[in-house]
Amino acid sequence: MKNIIIFGAPGSGKGTYSDEIVKKYGMGHISTGDVLRAQIKAGTELGMTAKGYIDNGQLLPDSLMIDILADTYDNMPAGQGVIFDGFPRTIAQAEALKKMLAERKHDMGIMIELVVDEETLLARLLNRAIEQGRADDNEETIKKRFAVYHEQTSPLADWFEKEGMRNTVDWAENPSKEQMLAKVYDIIDKAN
Ligand code: AMP
């Protein structure tokens, strides 16, 4: 399986669709947000650093995230393909991922961009706050995360376009989880 970078705003469904892709294709899954939340739960030094950024809706420094990503990647089972969920979030992270994979003679694979309007995103995140109790799913932090997404992460879509990796699935055209997933599977099947 080719690697997949799942890309989109907070609440666009990256984690949800990644779980479905893992079930269907048996790939590895790296969610950098989950890695950080596990560190917070374990009370590590990294977790304490991460908490400050996450609770503020800010991104952790690129150099730290790049090290975490490389470590996590090197501990994944080889040869199954990996879904990168929540990484890269900046151009510097994308360049670092490209370099890291090239050094290992691995392919970057494909990028799947989930496009969802902001009103739907906000409603989903507020609902997730009730269901999962994530500390950063409150309205104030959500607004900051959207701003950070627009400033630092969304420009990456063009970066992937230039790499010839960009595939877009739009909620406006596929307004149900099933329809979104069908499109996502179609993209994955065509790429493999
Ligand atoms: P997520 O679960 O992907 O929404 O991530 C939750 C939070 O973890 C983000 O709002 C950031 O504070 C932090 N985070 C996760 N991935 C990254 C990354 N690639 N770069 C910087 N910060 C990250």
Taking every alpha carbon pair in the chain and sorting the distances into 10 angstrom bins from 0 up to the bin holding the longest one, the percent per bin comes out as 9, 37, 39, 15, 0
Could you work out the longest stretch of the chain that avoids the trypsin sites (Lys or Arg not before Pro) located in DSSP loops with at most 12 other Cβ atoms within 10 Å? 1-103
When the helices in the chain are scored as -39500 (n - 2.57) per DSSP H run of 4 or longer and the sum is shared across all residues, what 222 nm value do you end up with, to the nearest 500 deg cm²/dmol? -17500 deg cm²/dmol
Surface/4 estimate of mean projected area, convex hull on alpha-carbon atoms of segment 1-102, nm²: 6.5 nm²
At 0.36 nm per residue, and after removing the present C-alpha to C-alpha distance, how many nm does the segment from ASP189 to ALA135 gain when stretched out fully? 15.8 nm
Full extension from GLN58 to LYS98: what is 0.36 nm times the residue separation minus their Cα-Cα distance, to one decimal in nm? 12.1 nm
Please list, in order, the residues from segment 129-145 whose amide nitrogen is less than 17 Å from a point placed 7 Å along the Cα→Cβ vector of ASP19. 129-135, 137
Note down the net charge around LYS41, summing +1 for each Lys or Arg and -1 for each Asp or Glu among other residues with Cβ under 13 Å from its Cβ. +2
Carbon plus sulfur fraction of accessible area for the chain, probe 1.4 Å, in percent: 51 percent
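The values are calculated or read from the model by the stated rules, or taken from the named source; none is laboratory data. Note that this is a predicted model, so its numbers are computed, not measured. Positions of Cβ are backbone-derived with ideal geometry, glycine not excepted, and every protein chain shown enters the neighbour counts. Quick note on the areas: whole protein, heavy atoms, side chains included, nothing else; ligands and nucleic acids left out. Shrake-Rupley method; radii C 1.70, N 1.55, O 1.52, S 1.80 Å.
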